[in-house]
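We did not get these values from a lab; they are worked out from the coordinates using the rules stated. The structure displayed is predicted, hence computed values, not measured ones. Cβ atoms come from the backbone with ideal geometry, glycine included; neighbour counts cover every protein chain shown.
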Amino acid sequence: MSAKLPWVVLAAVTVTLPAALGTPPLDVVRYAAYLLYAVVLPGTLLYRAIRPTPRSLLEDLTYGTVVGLLAETAALVTASLLDARALLWLWPLLAIVPLARRHLRVRDYPLRPSTTWSWTVAGIAVGFLAYLTAAFLAVNPPVPTGGPHDYMIDQLNLLAVSADLKHHFPLTVPEQGDRTLGYHWFAYGHLAASSLISGIDLPVLWFRLDLPVLAVLAVCLLAVTGWRVARHPWAGPVAAALMFTVGELVPQRQAPAFFGSITAYYSWSSRSLLYGAALSMPLIAAVATVLRRDAGKRDWLLVLLFAAGTTGAKSTIVPLVGAGVAGLCAVHLLRRNPQWTPWLLGSLLAAVEVVAVAVLYGFEGQGLRWGPFAIMIDFVGDLQHGTTVRDIPVILWGLGAYAIAMCARLAGVVGLGRRWDDTEIFLAGTTLAGLVGTLCVWHVSWSEHFFIIAAWPCAAILSAAGLTRLPWSPIALRHALTAAACLAAMSVVLRLPQWYRWSVPLPVYVLGALVLAAALLLGRRHGRFAALVVVLAAGAARLPFDAATSANLGVAYHVRVTPDQAAGARWLRAHSTPAQYVATNVHRVGGGLQDGQSLAYWISAYSERRVLLGSWGYSPESTESQSRAHRFGPALAYWDPDRLALNDAAVLDPTPARLGWLWERRVRWIFVDRAQGTPTAALPALTDLAWQRGDIAVYRLRATSNCTPVSCSDSVQSR
């Protein structure tokens, strides 16, 4: 029982957290039942049927959960294409019925984690949950009821993507009618399937239930993968701590804007990041197994399965893993010892990526452009023209600080020695590719950060592997962690005057020098292990400081949603069908730092309905036009002004002809926010007022006299 107690405690914390935040207990029970029945059980059975040999129960459950998520995605696509979403809850039986008798129980596992190991991993997971609760979960109600609430714009946009996948396939831009969206949508398909199978409201899943489970899964996956890849049990917990507990080595009050974050903010701002990180870890393990040349056909099958899954989980993962394998091939050539396995593996990954680019992304470039050091544009260079040769001295000065802040957690690699095996070279190559991608790519919304984030599991495992090879003692560990805690506290209170551009990275250099001095002093007495622990753990204040000072990212990049707005959208969801489109005059964010930007996605997020022409800031056309012009942020102007004018005229100053134009495009409802424009008296005269409260009014269109029986029908439930 003592070995199981840490996992019982972790499960209890994960279950009670949503309930403590006000989630209805029945929703918690239904979601737990959904996870066990529709993800964990069928996925584990499928994984046991595929994997060559058992290793540990925790690996079977965590990797099996990933397989369950991928199988769920395939089931959702199949049910959508067959217009049989109502039967989606039956898909797990396709795995459970034929496989349960043979694969339900496995008695002999060669690897069994110790109680200390289990408590450590569970503690890391609970700490990560505490950060997510303070930074995101506790400050975001699923639906605003007691007053207006500021939601981060991305949250509502991605909630709208989940809502679209719940009712339609293929995915479209939720507020652009039928405009197909090439996107890594698997995380949002998972949420759509969760809602369809469990019957739980999507906002409750998004803001309460799904994120804690993904967080715990990601921590456990990295712990298992680190152990398996590094072949040392403690490499897993150390890697998990480096990714989900320790942050960047920066003075918290003076961190330059170009320093990204591996865990703070990015772990909750986009669900695909945590989902993609979770799915990438079995891929790393499968690649490592193949590179050790003891793999069979089933191991190659797992590489194919996990690679295909990660292409739809996060678009940056497979290219980086492929780059790591390519780097290994280059090393073999330099050593004049070429081997076929890495070349075959690289070819497989390249083929998977080509298929993904064609099928998932429709050959769209997503707005990526060559732009060296664009990530540092707030510090050096020009917003319009980027960096030039004249900026090289300032760039080098900033890069030094960037290396200290971002790469301190890589210090453990010095424990690897001089001779690295193929797996370690692969991990290092993937990490380097992520770093190069972040430093060399330009994107309209700063998405170049995602390259280093996607590579970080490899970096954490590599650093942890080096640390665990060094001799250590409990006394050395205790002294090192104490020193690291003092340095972390110092990073919060450290303040240095900043006079001009060159002084911006100076606090990072000062903090880095203090950490290095502490490591050298401690290392003389307790050895390299203690010195490395000081460097690795000195950034531990990043997550607590972020949660305390920047919960929900403050008020930057938010949209305010009132109870009336949310209630109107949810009424529309209850009284319309997914086949019925909505027309609206809501195109832009009203008020706040993003005032005037076309980023108001709350209608489609809460109504689960497609909008004919709502906001366009995250449309592919917006991204591409801004990328061509080398401008940051969403496009302020719509690229088809005639269509926009016709839409707004039909909503605010309707005529029978204009309403007929809407009807032909499957619009059956008009959603008006009077704060963004007051309609003329013709609107209530030509339509039926169905719901109103405050500034929000919902009107139902009347059937036009010239519509066909098919176009007049509202009986179609989904496309």
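Once both axes come from the Cα atoms, what is the angle between helix 210-230 and the longest principal axis of the chain, in degrees from 0 to 90, rounded to 10? It is inclined by approximately 30 degrees.
Averaged over residues, the count of other Cβ atoms within 10 Å places the peptides 153-161, 489-497, 248-256 in the sequence 153-161, 248-256, 489-497, highest first. The trypsin sites (Lys or Arg not before Pro) of segment 282-315 meeting both criteria, a DSSP state outside H, G, I, E and B (loop) and at most 11 other C-beta atoms within 10 angstrom of the site's C-beta, are Arg293.
Of the Cα atoms belonging to segment 404-533, the radius of gyration and Dmax stand at 16.9, 49 Å. In this label model, Arg293 and Ala681 are separated by 8.7 nm, measuring between points 7 Å along each Cα→Cβ vector. With all pairs of different C-alpha atoms in the average, the Kirkwood value for the hydrodynamic radius of segment 126-175 is 12.9 Å. On the principal axes of its alpha-carbon atoms, segment 134-282 has extents of 49, 37, 29 Å, going from largest to smallest.
Quote to one decimal, in nm, the extra length available between Ala74 and Leu334 on full extension: 0.36 nm per residue of separation minus the C-alpha distance between them. Please list the in-between numbers first.
On the way: separation 260, 0.36 × 260 = 93.60 nm, distance 4.18 nm.
Residue separation times 0.36 nm, minus the Cα-Cα distance, leaves 89.4 nm.
Using per-residue counts of other Cβ atoms within 10 Å, averaged over each peptide, order 86-98, 407-419, 560-572 from highest down.
Working: 86-98: 15.7, 407-419: 17.9, 560-572: 20.5.
Per-residue mean Cβ counts within 10 Å order the peptides as 560-572, 407-419, 86-98.
Calculated on the Cα set of segment 34-76, radius of gyration then Dmax: 9.7, 30 Å.
Just want to confirm a number: the relative contact order over the chain, from Cα pairs under 8 angstrom separated by 6+ residues, in percent.
Working: 1263 pairs, mean separation 115.2, N = 719.
Relative CO of the chain lands at 16 percent.
More than 15 angstrom separation, counting every C-alpha pair in segment 1-88; what % is that? Roughly 69 percent, rounded to a whole number.
Of the listed peptides 422-429, 166-173, 332-339, what is their order by residue-averaged count of other C-beta atoms within 10 Å, with the highest listed first? Each step should come with its number before you reach the end.
Values: 422-429: 23.2, 166-173: 20.6, 332-339: 10.5.
Descending packing order for the listed peptides: 422-429, 166-173, 332-339.
May I ask you to list the residues of segment 339-376 whose amide nitrogen lies under 16 Å from a point 7 Å from Cα along the Cα→beta-carbon direction of Ile392? Residues 372-373 fall inside that zone.
The calculated pair-distance distribution of segment 586-682 uses every alpha carbon pair, bins of 5 angstrom beginning at 0, and gives 2, 12, 21, 23, 21, 12, 6, 2, 0 percent. Length, then width, then depth: along the principal axes, the Cα atoms of segment 409-454 run 41, 20, 14 Å.
For the chain, the longest principal axis of the C-alpha atoms and the axis of helix 41-50 are separated by about 50°.
Evaluated over the Cα positions of segment 312-391, the convex hull gives a direction-averaged projected area, one quarter of its surface, of 7.8 nm². Compute the angle between helix 5-20 and the longest alpha-carbon principal axis of the chain, please, reported from 0 to 90 degrees and rounded to the nearest 10. Compared with the principal axis, the helix lies near 30 degrees.
What the Cα convex hull of the chain gives, in volume per residue, is 162 Å³.
Hey, for a label at Trp639 modelled as a point 7 Å past Cα toward Cβ, could you say which residues of segment 598-620 have their backbone N under 18 Å away? What the label zone holds, given the 18 Å backbone N cut-off, is 598-599, 612-620.
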